[in-house]
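First comes the structure, then the notes that go with it.
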Amino acid sequence: MEKRAKLYEGKAKILYATDNPDCVIQYFKDDATAFNAKKKGTVDEKGIMNNAISTKVFEYLGQNGIPTHFVRQLSDREMLVKKVEIVKVEVIIRNRAAGSLCRNYGVTEGRTLSAPVLEFCYKEDAFNDPLMNETHILALDIATASEIATIRELTFKINELMKKFFLALNIELIDFKVEFGRHKGEVILADEISPDTCRFWEVGTGVRLDKDRFRHDLGNIKEGYQEVLKRVTGKAA
């Protein structure tokens, strides 16, 4: 696989073209951001850990019927993925109250929700990724009704699968953010699944094992990611 020109650089990853027009290389950086990049830093080897964690989760989801962009892991920091047109919607599932759900609705952190909450946010940093509903998505021609239905169905399936996967590792999936892309007319899961995009609390202790350690200056940031890596892959960083 020949690595070619840089196509895009985001806050946590870089995409490179390859000699296969249907595939790109996704490179994981150590950069850490929070609050729409108002807070910035780095976490040593975060990219390596997120690549390894994402690989295992994408493999698991793929084996359980979820279409994803994942092809294979190429190196410590690089993953080969299908080239997609990203749907400009961030999709969030909340199983327990944390983060903006608490801030926006005055809900006590940690409250178990009566049902999972599905949220859509407009994927646009310039506008601070505002909440949106399905009629916004349709009216702004971001996705079709059929695509929205597929995204909704897949996201709830992903939630159930990931809750089971992480609970077996003594980790509770509090909430997570996913992104989807179009590939040859099909909507598939894209981006990454990692402590950058999920809230992970250790079962029993409530210890945070995710980017909240960076967001809220809890310390031992790398150690949180390492613990997830160890449980997911059986290997230390």
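Give me the dipole magnitude in Debye, nearest 20, for the stretch 105-152 about the Cα centre, with unit charges on the beta carbon: positive for Lys and Arg, negative for Asp and Glu.
Details: 3 positive and 8 negative charges, 47 e Å.
With only Lys, Arg, Asp and Glu charged at Cβ, the dipole is about 220 debye.
Mind telling me which of 39, 157, 83 comes out most flexible in a GNM of the chain, alpha-carbon contacts under 10 Å? In this elastic network of the chain, the residue with the biggest mean-square fluctuation among 39, 157, 83 is 39. If you take the Cα centroid of the stretch 104-120 and the Cα centroid of the stretch 207-223, the two points sit 21 Å apart. Net charge dipole, the stretch 8-97: roughly 500 debye, given to the nearest 20, about the Cα centre with Cβ charges of +1 for Lys and Arg and -1 for Asp and Glu. Normalised Debye scattering of the stretch 3-82 at q = 0.12, 0.23 Å⁻¹ gives log10 I(q)/I(0) of -0.37, -1.09, counting only Cα atoms as equal scatterers and leaving out solvent.
Between the stretch 70-102 and the stretch 129-151, the C-alpha centres lie 18 angstrom from each other.
Rounded is the label for the chain, because a/c, from the alpha-carbon gyration tensor with a ≥ b ≥ c as root eigenvalues, stays below 1.5.
Is there a quick way to get the dipole size of the chain? I mean about its Cα centre, with the Cβ of Lys and Arg at +1 and of Asp and Glu at -1; what is the value in debye to the nearest 20? Intermediate values should be presented prior to the final figure.
Details: 37 positive and 36 negative charges, 75 e Å.
Around 360 debye, computed over the chain.
Divide by every residue of the chain the summed helix terms, -39500 (n - 2.57) for each DSSP H run of at least 4, and state the resulting mean residue ellipticity at 222 nm, rounded to the nearest 500 deg cm²/dmol. One gets -9000 deg cm²/dmol as the mean residue ellipticity at 222 nm.
In the chain, which helices (entire DSSP H runs) extend 15 Å or more along their own long axis, judged by Cα positions, while averaging at least -0.5 on the Kyte-Doolittle scale? Write out the running numbers ahead of the final one.
On the way: long enough: 46-63 (25 Å, -0.11); 145-167 (33 Å, 0.28); 221-233 (18 Å, -0.65).
Helix filter hits for the chain: 46-63, 145-167.
Straight-line reach from residue 123: taking Cα to Cα under 17 Å and skipping same-chain neighbours fewer than 8 places apart, the aspartates and glutamates in range are 9, 85, 90, 134, 141, 147, 179, 191, 192, 196. Which one of 73, 36, 24 is farthest out on the positive end of the charge dipole of the stretch 3-82, using unit charges on Cβ (Lys, Arg +1; Asp, Glu -1) and the Cα centre as origin? With unit charges placed on the Cβ atoms, the residue in question is 36. Net charge in the neighbourhood of residue 65 (other residues with Cβ under 14 Å of its Cβ; Lys, Arg +1, Asp, Glu -1) is -2. The residue among 8, 187, 101 whose Cα reaches farthest toward the positive pole of the charge dipole of the chain, with charges on the beta-carbon of Lys, Arg, Asp and Glu, is 101.
Where a number appears in this text, it was derived from the coordinates with a stated rule and is not lab data. Please read all numbers here as calculations on a predicted model, not as lab measurements. Every residue, glycine among them, receives a Cβ derived from its backbone with ideal geometry; neighbour counts consider all protein chains shown.
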